[in-house]
Amino acid sequence: MIEAEGKFVIPGLIDAHVHIVHRLNDAHLTGEEVLPMFLAAGVTAIRDTGDTVVPQKMIARFAEAHAVSCPRVFMCSPLIDGVTPIHRDIGWSLTDPQAVPAFVEDMAKWGVTTLKIYAGTGRDVGRRVIEEGHKHDLMVTAHLGPYRAQDAVADGIDCLEHIWSVFNYIIPADTKRIPGHRASLDLTNPLAQSLIKDMAERRVMVDPTLAVFRNMILLNDLESVHQHPDNAHAPARLRQQWDIYRQRISLKPDTLELRRGEFLKYQELTAMLYRAGVPILAGTDAPEPYVPPGFSLLQELEMLVEAGLPPSAALQAATINNAAALKQESQLGSIEPGKLADLVILSADPTTDIRNVRRIEKVIRGGCISEPAQMLKLVPLE
């Protein structure tokens, strides 16, 4: 019996974009070592968006056997890429459309729920992945490159990963020659309006992953990012890898304001997509640099609200919308009789202040009750 009078109960949060193998390998960590961080932050389910299948499967099995300390893990294919995969550790070269059916069938047998098209894939292969994925009732998402967003939407893509997979395809050719054009792009231009309209009509989901853009690409030279209190919950080995990345990138202070402006454009576009009726997901790309598992989703929700989404819409992005991206809306994403008991008990109302999602008292995953402080004790800090 849980005493919850005067408390606020929300569905368990879902992170729509994580990697439970990639990046952790570099830190000599395995996925199950950071899984308790997700529950500590109220995240009861995660969607992997591209990893090696066998270790992914092993981690997913571990999570299912340890429901009291791990979120549900939904698997994804490796990154479907071109001749030379960009990420050789988790990429899969697939350049012949005729080879797609066998690949998709194999992925389905492994139990993946999502296929991920990556940045080196062209339209001929991408379109075939969508067709074959849908035959197997799989969701197909993409981090786009030469495969244009306009074409992927026309071909029936279910979801686009990262705000870049929209932003990069709404920049007029003449604008690209202007210095700092990303920070000053007119988001009302005809190219943008046409793509947003098509996406809304086809209900193509967008997972902006604002956390990783702020941290890794734009602002990781700011102390407010690389010394964020949430980072302290991650193992030291992972934090050390993040610091190595930051030192290597060496973002120049004199470009900071321009980078801030660019990030604001990404937030502005996210709000435009929401207002147009495009389903927004909440994902983080954890454990990319300074994107701590679990806690970065709370940051993502804060940034969605800063962008212009109401707190209730940000919560929906991390619950029922993400459940729909997993085709699990009949089981997860809302509090209803007959659904799985994935819940978070809060001491304050997150619909009045999204920061109240941090005021977690208890996390319930499949009826198993977890205490955030106890979950963090399971994470190897050294």
Practice task
Would you point out which residue out of PRO229, PRO179 is surrounded by fewer than 19 Cβ atoms within 10 Å (Cβ to Cβ) and closer than 29 Å to GLN316 by Cβ?
Solution key: PRO229
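Can you give me the number of residues within the range 191-228 that are of a type in the set (A, V, I, L, M), in a helix (DSSP H, G or I) and within 30 Å of GLN241 (Cβ to Cβ)?
Step one: filter the range 191-228 for residues of a type in the set (A, V, I, L, M), giving 191-192, 195-196, 199-200, 204-206, 210-212, 216-219, 222, 225.
Subsequent filtering for residues that are in a helix (DSSP H, G or I) retains 191-192, 195-196, 199-200, 210-212, 216-218, 225.
Now drop any that are not within 30 Å of GLN241 (Cβ to Cβ), which leaves 210-212, 216-218, 225.
Residues flagged as of a type in the set (A, V, I, L, M), in a helix (DSSP H, G or I) and within 30 Å of GLN241 (Cβ to Cβ) within the range 191-228 amount to 7.
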Fill in the blank from the handout: Restricting attention to the range 186-215, the residues that are within 20 Å of ARG259 (Cα to Cα), modelled with pLDDT of 95 or more, of a type outside the set (Val, Ile, Thr) and crowded, with 22+ Cβ neighbours inside 10 Å number exactly 3
Practice task
For GLY12, indicate whether it is under 21 Å from LEU210 (Cα atoms) and either of a type outside the set (Ser, Thr, Tyr) or free of Cβ contacts under 8 Å to residues at least 40 places away in the same chain (or both).
Solution key: yes
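So that you can scan it fast, the table gives a plain yes or no per residue for (1) surrounded by 15 or more Cβ atoms within 10 Å (Cβ to Cβ); (2) without any contact (Cβ under 8 Å) to a residue 60 or more places away in the chain; (3) β-branched (Val, Ile, Thr); (4) in contact with a Lys or Arg (Cβ under 9 Å, 6 or more places away or on another chain):
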position: GLU132; (1), (2), (3), (4): yes, yes, no, no
position: ASP137; (1), (2), (3), (4): no, no, no, yes
position: VAL140; (1), (2), (3), (4): yes, yes, yes, yes
position: LEU144; (1), (2), (3), (4): yes, yes, no, no
position: TYR147; (1), (2), (3), (4): yes, yes, no, yes
position: VAL153; (1), (2), (3), (4): yes, yes, yes, yes
position: ILE157; (1), (2), (3), (4): yes, yes, yes, yes
position: VAL166; (1), (2), (3), (4): yes, no, yes, no
Problem - Residues being crowded, with 16+ Cβ neighbours inside 10 Å and out of contact with any His (no Cβ under 9 Å at 6 or more places or on another chain) - total across the range 242-253 - result: 1
Problem - Options LEU304, LEU298, LEU256: the member that is closer than 27 Å to MET216 by Cβ, surrounded by fewer than 16 Cβ atoms within 10 Å (Cβ to Cβ) and among the hydrophobic types (A, V, I, L, M, F, W, C) - result: LEU256
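The rows are residues; the columns are (1) under 30 Å from ASP124 (Cβ atoms); (2) at pLDDT below 90; (3) not in a helix (DSSP H, G or I).
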position: TYR147; (1), (2), (3): yes, no, yes
position: VAL166; (1), (2), (3): yes, no, no
position: ILE170; (1), (2), (3): yes, no, yes
position: ASN231; (1), (2), (3): no, no, no
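Based on this model, can you work out whether GLU64 counts as surrounded by fewer than 24 Cβ atoms within 10 Å (Cβ to Cβ) and closer than 28 Å to HIS233 by Cβ? Before the answer, list the steps.
On the way: surrounded by fewer than 24 Cβ atoms within 10 Å (Cβ to Cβ): yes; closer than 28 Å to HIS233 by Cβ: yes.
Judged against the criteria, GLU64 is a match.
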Problem - In the range 233-262, residue farthest from LEU378 (Cα to Cα) [restricted to those that are of a type in the set (Gly, Ala, Ser) and assigned to a helix (DSSP H, G or I)] - result: GLY261
Completion exercise
For the range 273-299, pairs from a residue that is on the phi < 0 side of the Ramachandran plot and touching a residue at least 12 places away in the same chain (Cβ under 8 Å) to a residue that is assigned to a loop (DSSP other than H, G, I, E, B) and among the basic types (Lys, Arg), with Cβ under 8 Å and 6 or more apart or across chains, are VAL278/ARG203; PRO279/ARG203; PRO287/ARG23; GLU288/ARG23
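The values are calculated or read from the model by the stated rules, or taken from the named source; none is laboratory data. The structure displayed is predicted, hence computed values, not measured ones. So basically every Cβ, Gly included, is an ideal-geometry build from the backbone, and we count neighbours across all protein chains shown.
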